[in-house]
Amino acid sequence: MLVLGFPSEVFGTNCYVLAPAAGEECVIVDPGVAVVDQLAEVLTEHRLKPAAVVVTHGHVDHVFSVTPVCGAHGVALTVHEDDRYRLKDPLGSLPEDFGAMLRQQFGSTGWKEPDDVRTVADGERLAAAGLDLAVVHAPGHTEGSVMFALDALPEGMASEAGLTSTLLSGDVLFAGSIGRTDLPGGDSEAMNRSLRERVLPLDDSTLVLPGHGSPTTIGRERRDNPFLRAVM
């Protein structure tokens, strides 16, 4: 599996592009603030054609560019049903002056949802671009936060000791930390349940590609992440 990732220049949100190989269709995950140009370069360099755009949750730093990206390629946006409402105004939960700054600096004069928005629920499987993504609902950071699980590894990692699968964890799990729960819609009790019931049962051999920061593994986080250790 070809996995290309890069952080946005605002909030450092990781945008990922997944494809079976170069020159094929791809899935775009979490196109955040000011990623349109860099994403276009990645697609051109690797000759990729987007088949779908998916987001791990509805916060603005993960959805800011969904409308231009979906529109440019004629594809749908997929979001968990519990975060669907956030697409009406993802800037609304930000301080007014900060939202205005984003609009002015990055050319957005007003928010508009993508023309085609589809919702998913826990346990569904998304088949797109020759890939199979399992939807794992893990609320706490937001009501509709999800992780995407794949029974595949980025190319070049198949031989690394013990790794067997990949998890796009969004803002549920980071290397050494977890997503915050103090924003509107956040819930610390729900987050602890998600960590205990959705993250801890995963195999240690799972590669984790988080919404912010560096890749990690479930085994490493089970051993070293204080938030996971607290709910064991």
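The values are calculated or read from the model by the stated rules, or taken from the named source; none is laboratory data. Bear in mind that the values here come from a model prediction, so they are computed numbers and not experimental data. Neighbour counts are summed over all protein chains in view; Cβ atoms, including those assigned to glycine, are modelled from backbone coordinates with ideal geometry. Each accessible area value is taken on the protein alone, full model and side chains, heavy atoms only, with ligands, DNA and RNA left out. Shrake-Rupley method; radii C 1.70, N 1.55, O 1.52, S 1.80 Å.
Of all residue pairs spaced 6 or more apart or on separate chains, those with beta-carbon atoms under 8 Å, a first member in segment 70-81 that is within 14 Å of G123 (Cα to Cα) and a second member that is open to solvent by less than 20 Å² (accessible area, probe 1.4 Å) and assigned to a strand (DSSP E or B) are V79/V54; V79/V120; H80/V120; H80/V135; H80/V146; E81/V120. Taken together, the residues in segment 14-66 that are of a type in the set (S, T, Y) and farther than 26 Å from F174 by Cα amount to 1. Pairs are defined by a Cβ separation below 6 Å, a sequence spacing of at least 6 or placement on different chains, a first member in segment 167-196 that is β-branched (V, I, T), and a second member that is assigned to a strand (DSSP E or B); the pairs so defined are V172/M147. Scanning segment 1-45 for residues that are under 16 Å from T67 (Cβ atoms) and open to solvent by 30 Å² or more (accessible area, probe 1.4 Å) turns up A34, V36, D37, A40. Between P215, P154, P210, P201, the distinction of being under 17 Å from the mean Cα position of the chain (by Cα) and open to solvent by 30 Å² or more (accessible area, probe 1.4 Å) belongs to P215 only.
Rundown of residues vs (1) at pLDDT 95 or above; (2) within 22 Å of P7 (Cβ to Cβ), yes/no style:
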| site | (1), (2) |
| --- | --- |
| H141 | yes, yes |
| L167 | yes, yes |
| G185 | no, no |
| M191 | yes, no |
| R198 | yes, no |
| H212 | yes, yes |
| P215 | yes, yes |
| R222 | yes, no |
| P226 | yes, no |
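What residue, among those in segment 127-148 that are open to solvent by less than 30 Å² (accessible area, probe 1.4 Å), out of contact with any Lys or Arg (no Cβ under 8 Å at 6 or more places or on another chain) and not aromatic (F, W, Y), is nearest to H57 (Cα to Cα)? Ranking the qualifying residues of segment 127-148, first place goes to S145.
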